Amino acid sequence: MENKKLLEMLDEYFLSTKEAVEYLDVSRQCFFSLVSRGKINKIKKGSVVLYYRHEIENRKLDAELLRKQYNYTVE
């Protein structure tokens, strides 16, 4: 499999820490708290840490639903 195809596959299924923090729009401290409490799983290979894209996307959807449910608005 060629490198370009592998990179596309990685982008499709995984996010880096920076990408996950930006996608969730939370602080790094909040993000690492979620990881340490087992709310978000990480994959570690050597010094590389990745997160499942679907978990991060679901986490964001859940947060949005909770905001709507409790009528919490971010300004």
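The values are calculated or read from the model by the stated rules, or taken from the named source; none is laboratory data. The shown structure was predicted, so the numbers you read here are calculated from the model rather than taken from an experiment. Don't worry about glycine lacking a Cβ; one is built from the backbone with ideal geometry, like all the others, and counts go over all protein chains shown. Note: areas computed on protein heavy atoms with side chains; ligands, DNA, RNA excluded. Shrake-Rupley method; radii C 1.70, N 1.55, O 1.52, S 1.80 Å.
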Original post:
With springs only between Cα atoms under 10 Å, which of Arg28, Arg53, Arg37 fluctuates most in a Gaussian network model of the chain?
Top reply: Arg37
Subject >> the chain: most fluctuating residue of Lys45, Lys18, Lys60 per GNM, C-alpha cutoff 10 Å >> reply: Lys45
**OP:** Using a cut-off of 10 Å between beta-carbons, work out the net charge of the residues near Tyr51 (Lys and Arg +1, Asp and Glu -1, Tyr51 not included).
**Re:** +1
**OP:** Hey, can you find the accessible area per residue of the range 1-43 for me, probe 1.4 Å, expressed in square angstrom?
**Re:** 78 Å²
Original post:
Ignoring the sites themselves, what is the longest stretch of the chain with no chymotrypsin sites (Phe, Trp or Tyr not before Pro) in a DSSP loop and at most 11 other beta-carbon atoms within 10 Å?
Top reply: 1-69
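Over the chain, what is the relative contact order in whole percent, taking alpha-carbon pairs under 8 Å and six or more residues apart? Write out the running numbers ahead of the final one.
Values: 47 pairs, mean separation 23.3, N = 75.
31 percent.
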Subject >> Of the DSSP H helices in the chain, those whose Cα atoms cover at least 20 Å axially and whose Kyte score averages -0.5 or more >> reply: none
**OP:** Please report, as a whole percent, how much of the solvent-accessible surface of the chain comes from carbon and sulfur atoms (probe radius 1.4 Å).
**Re:** 52 percent
**OP:** Mind telling me which of Ser33, Ser16, Ser47 comes out most flexible in a GNM of the chain, alpha-carbon contacts under 10 Å?
**Re:** Ser47
Original post:
If we count every other residue with Cβ under 14 angstrom of Ser16's Cβ, Lys/Arg +1 and Asp/Glu -1, where does the sum land?
Top reply: +1
